[in-house]
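Only the coordinates and a few stated rules stand behind these numbers; no lab work does. Computed from a prediction, not measured in an experiment: that's the story for all the values here. Cβ sites come from the backbone with ideal geometry, for glycine too, and all protein chains shown count toward neighbours.
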């Protein structure tokens, strides 16, 4: 107990520790205040640095002669398509083709059991021979009766002469007259028998012809030239008269059937009439306006319109009253069999003459509920929004009917960075149009930004220290349409 520290000593030690802690806290506060004062003296002013003008690509509208065209969808079909059908009843004995191979007209495709029809043919041939023999017999009898008529006629004349000379009795004359009358009647009967025999021969020959046809029909032949499908019946199957055995398709020429609305037809005819005076040509009249006209075709996966054909039929009944459409058909050579029957295709019919047009890339168009617009750059490099009227759009190009001039610098790339009234850094690009390529669905515009277009302003902004984001621009009365790739 005597070795333990006293309570007075412990109290002094606690007081010393508390004073030391208070001194350290006060020193920390003084140090923090000094640092804050030093920092406040060197703080920079919060100043907004606006970003440099955005870079855009501009191009002048292209003026070129463009051919108006009419475009519709349709379906293809083979120019010839014929079913191979059985003409007689019987069992199939042989199949003489492989599915998909080329066959020629009248080539034997099937052989149907011929025994029954061969027997019927032989019977018909025998009937014809019997009828001919009967005619010969009755003709010989008729000749005999004709000789009897001649003899009886002479005897009657002799008796008549004797009676006039009172050298013969009346009974002898009457007997001669009766014999002559009977001979005439027998001759007419014999001639009638010959006519009946000839009729029997005609009937027998008709039966023989039918029997010959049925016998020939046991060999089923190709109705047209073309490629044959797989057989629908196999060897040993019983087929009835009229059963479809296979189909032969000739697709060396493919038809594309399509329809156009009456409104589209009228607009197309108007475009052709407008093009004719400009090119100093007279529009054709009558059927020549359509028949033989050049037509282009595109399948669903094709780029452009690689197939060229001609219009070969226009519905002669005119506009269908129920649908308001006119039916047309175009034909295309198909020697390489790139077109198949039943394809869904797009058909384009160009007008004969071209029209002077102003074109811009379709991607440069924007639109909203007020119409179609383009963004242009004025002489002060400020963005100006212009409302335009758009005609057709073809292969990425838009035909501008009004709202633009040849010297307007149209923004074709960087639309998302351009705002009406704001400054931009334009980079010019020259565009060109191939009218023939457009007609075939090719010749899309190249709106990519040319290389090495980075300006000093944009380069310096990329390396400068980050600044605060610019505040939102004040609202203006002019509405900037959202970018889109289609036009109204």
Checklist entry - For the pair residue 368 and residue 224, what calculated FRET efficiency results from E = 1/(1 + (r/R0)^6), where r is the Cβ-Cβ distance and R0 = 56 Å, to the nearest 0.05? => result 0.45
Item to check | Global size of segment 92-228 as Cα Rg and Dmax, reported in angstrom | outcome: 29.4, 98
Checklist outcome for this item: Contact order relative to length for segment 86-239, counting C-alpha pairs under 8 Å separated by 6 or more residues, stands in percent at 54 percent
Checklist outcome for this item: Most exposed to least, judged by fewest other Cβ atoms within 10 Å, 48, 313 sort to 48, 313
Item to check | Beta bridge orientation in segment 92-228: antiparallel %, DSSP, nearest 5 | outcome: 100 percent
Item to check | Length gained when the stretch residue 423-residue 320 is fully extended (0.36 nm per residue, less Cα-Cα span) | outcome: 31.5 nm
Item to check | Nearest-0.05 FRET efficiency for residue 301 and residue 116, computed from C-beta distance (R0 41 Å) | outcome: 0.15
Item to check | Spin-label zone in segment 224-265 - amide nitrogen under 14 Å from a point set 7 Å from the Cα of residue 102 along the C-beta vector | outcome: 225-228, 249-253
Checklist entry - What nm distance separates the two modelled labels at residue 252 and residue 344, each placed 7 Å from Cα along Cα→Cβ? => result 3.2 nm
